[in-house]
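The values are calculated or read from the model by the stated rules, or taken from the named source; none is laboratory data. Keep in mind that this is a model prediction, so the values were computed, not measured. A quick note on method: Cβ atoms are made from the backbone with ideal geometry, for glycine too, and the neighbour counts reach across all protein chains shown.
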Amino acid sequence: MAKENKYIRSLIQSAQYGNNAALEQLFEMNMGRIYALSLRLMGNKPEAEKLTAAVFVSAWKNIKAIRVDTFFANWLMSLAVYNALEELRKKHADKKNKITGKANKNTETEIPVKDPLEREILMLPETERLILVLNKIENYTVEEVSDLLRITNKETLTKTEEAVGKILKILPDIQSADQLFNKLLTITKVHAPDKSVVDNIYNVVHHHRFEEAVKKKAAEKPEEEVIDEEELKKEREEKKKSAELKKKEREEKDKEKKDKPENKKELKLNASFDFSILKAFIIPAVVVIGVAALIFILFSGDGGWEVRIKNGSVIRESEEISENTTLPEGKTVSTTANSYASVSVPGFGDINLDPQTSLQRLKEKNSIRLSTGTIKTVFSNERESFQIAVPSAVISDYYHGYSYNLSLDDLGNSLLSVDKGWLRVAGLNKEIIIGLEYMLEIRKDHGCSLPYHFSASPEVIDLINNISFKAMESSILPLLEISGPNDALTLWNLFRTSGRGVREIIYNKLNSIIPHPDNISKNELLSLDAGKLIVWLKEIQSKMNK
C-alpha cells in the first residue's frame, strides 16, 4: 500500500496536535491545486474562490479525521468535489438534485485563464464540464462519475461525446477525441488564487478556531470535578467540626488558668492599678499600633486583595482552597471547571472569574496577568489606573470606571468586549482606544485588531481583521463603503494608525459620519496632532453616549 511521504505525514501529525504553522504549510503546498480544481468544477472565479475557502476551512475542522493511509492532497480534492456538487445542487434544487445541463454564461472576467482549451472547458454546460474534468483530468472512472452526478453510465458517456464535439468544433487545431484526451492529461494542474483569497482563508480559519475554543471551554464540565466537589464539601465539614472542637478545648484551658489561685491574686493586684497611666500611655500606643497594622495590610504583600469563592473551590498556586482567602503579589489563583470566584481589589472593585480561569497578581502596582479563561471586570476607581496583561497586549483604563469581559483561549488569543467606559489597549507598537459596546481581538503574534461595534456584520469584521492582521490596505475601501455611525470609533482608530496615503480617504468618510469640531482643522488631523485627535475623539464619544 502506498504511503504519504514522511515529511507530509509529519506535517499532518503536527497539524493534528494543533501546530498552526504545519497546517498553514500544508495549505500553501496544496492551495494552487485545489483552486485550479475548484475553478474547473464551478466554472467561474467568484464561486471557485468561495469553494477553495470552504475546502480549507473544512480541512481544518476535520484534520484529525485523516487516516494514516490517506494522501492529504487526494483528501483535499475529494472535499473539493463533494463541496462543489453540494453547492451546485443547492443552486438547482428545482431540478430534483440533478446538475443542470445549461450552457455556462459566465463573462470574460469570471474565467481567469488564457489557455483556449481550458477556456472552452469552463464554458461548457455544467454536466458536460464536470464529467470531462472528473473523468479525463482527475481520472475518476465512468462509474464513479455517474455515482457522483447521480446519472447512468450511458448518460455519462453521451455527455462526454457531446462535450468533445463542442470543443473540436471550436478548436480546429485539435483533430480528434484522442488528441483532446492526450492534451487534457498534460493540462496544468495548478492555478494560483489571488492573495485576498488566501488571506480570507486564514482569517476564516482563525475566526472558527477562536469560536471553537470558547465553546469548548464553556462546555467542559467533567464529571470528575463534580465528584471532587462533593468530597471537598465533606472535607470542609470535617475541618469545621475539628476547628470547633479545638476552640472548645482552648476555652476550657483558659477557664482552668483563670480559676487558679495565682491568677486570682494577680487579678486582685491589677485591680488596684492606677488607670490614669493606662489612659495616658497605653491607649495612644494601641491606636498607633492599630494604624500601623492597617497600613501594613494595605501596602504589604496581600495589600487587601481578597479572593471570594462564589461556588466550588479555587487553586491558589498548588493549594486547593474552599474558603475566602487573600491574593499576595506574584501569586496565581485559578478556578476549576465548576467553580466561580471573584478577586476584590481595594479601591477599584471586583474581577469575576468564570470556570477554568487563571490569573496572576503581578508585583507591579494595580496589575494582573490573565493566563487563561474569562473574566468580567467591574471597576469604579476615579484616581488610579489598573492594568491587565494578556499575550501581545496590555489593557488599561482610558477613563476611570469601566466594565468589560475578557476571554483568553488556549492558543493565546484574546477577545475583549466593553460594556461600560473606555479602555486603552497597547501592544506590538500599536495603541487602540475602545469604548462601550465595542469589542476587539488580540492575537498572540499579531497584537490587537481595530475595535468593532457589537452590531458589526461578519463582512465588517472580516475586513477589519484583514486590515489588522494581514496589513491588507485593499480592504480599507470596502470597509469605508459599508461603514455607518456605529463604526465611527473603528474609523477613528484606523485613521490614526494608517499611512498618509490612505489617511485622507478615511478622514473624508469619518468626517461625513461625525464631523470634527470647527476649532480644529483637517491638516492638523492629517498630521496626527495628538491633542486635536483627542478633541475629535471626544466629539465621537459624545455622539456615541446619546
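Of the numbered criteria (1) under 26 Å from GLU384 (Cα atoms); (2) free of Cβ contacts under 8 Å to residues at least 60 places away in the same chain; (3) among the hydrophobic types (A, V, I, L, M, F, W, C), the one ILE467 fails is (1). Scan the stretch 134-166 for residues that are on the phi < 0 side of the Ramachandran plot, surrounded by fewer than 12 Cβ atoms within 10 Å (Cβ to Cβ) and not in a helix (DSSP H, G or I) and the total you get is 1. If we scan the stretch 474-486, do we find a residue that is of a type outside the set (Gly, Ala, Ser), within 17 Å of VAL425 (Cβ to Cβ), in a helix (DSSP H, G or I) and in the same structural domain as LEU537 (by TED's automatic domain parsing)? No, the stretch 474-486 contains no residue that is of a type outside the set (Gly, Ala, Ser), within 17 Å of VAL425 (Cβ to Cβ), in a helix (DSSP H, G or I) and in the same structural domain as LEU537 (by TED's automatic domain parsing). Filtered by the rule that a residue be within 16 Å of THR497 (Cβ to Cβ), in a helix (DSSP H, G or I) and of a type outside the set (Gly, Ala, Ser), the stretch 434-473 gives LEU463, ILE464, ASN465, ASN466, ILE467, PHE469, LYS470, GLU473. Exactly one residue out of ASP410, ASP419 is out of contact with any helix residue (DSSP H, G or I) (no Cβ under 8 Å at 6 or more places or on another chain) and at pLDDT below 95: that is ASP419.
Considering only the stretch 504-528, state which residues are of a type outside the set (S, T, N, Q), within 26 Å of LEU436 (Cβ to Cβ) and part of a helix (DSSP H, G or I). Result: ILE506, TYR507, LYS509, LEU510, ILE513, LEU525.
Of the numbered criteria (1) touching a Phe, Trp or Tyr at 6+ places or on another chain (Cβ under 7 Å); (2) over 29 Å from ASN511 (Cβ atoms); (3) of a type outside the set (Lys, Arg), the one HIS453 fails is (2).
To keep it simple, each residue is scored yes or no on (1) modelled with pLDDT of 90 or more; (2) in the same structural domain as ARG119 (by TED's automatic domain parsing); (3) touching a strand residue (DSSP E or B) at 6+ places or on another chain (Cβ under 9 Å); (4) outside any loop (DSSP other than H, G, I, E, B).
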position	(1), (2), (3), (4)
ASP69	no, yes, no, no
GLU86	yes, yes, no, yes
ASP94	no, yes, no, yes
LYS102	no, yes, no, no
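Every test in (1) hydroxyl-bearing (Ser, Thr, Tyr); (2) farther than 29 Å from ILE201 by Cβ; (3) in contact with an Asp or Glu (Cβ under 7 Å, 6 or more places away or on another chain) is passed by SER542 save one, and that test is (3).
Residues that are touching a strand residue (DSSP E or B) at 6+ places or on another chain (Cβ under 8 Å) and within 14 Å of ILE467 (Cβ to Cβ) were ranked within the stretch 493-546; the one that is surrounded by the fewest Cβ atoms within 10 Å (Cβ to Cβ) is THR497.
So that you can scan it fast, the table gives a plain yes or no per residue for (1) buried (at least 16 other Cβ atoms within 10 Å of the Cβ); (2) under 17 Å from VAL81 (Cβ atoms); (3) modelled with pLDDT under 85; (4) outside the structural domain of VAL81 (by TED's automatic domain parsing):
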residue	(1), (2), (3), (4)
MET1	no, no, yes, yes
SER14	yes, no, yes, no
TYR17	no, no, yes, no
LEU26	yes, no, no, no
ASN30	yes, yes, no, no
ALA36	yes, yes, no, no
MET42	yes, yes, no, no
LYS45	yes, no, no, no
LEU51	yes, yes, no, no
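If you filter the stretch 167-185 down to residues that are under 12 Å from GLU120 (Cα atoms) and among the β-branched types (Val, Ile, Thr), you find that the one that is surrounded by the most Cβ atoms within 10 Å (Cβ to Cβ) is ILE167.
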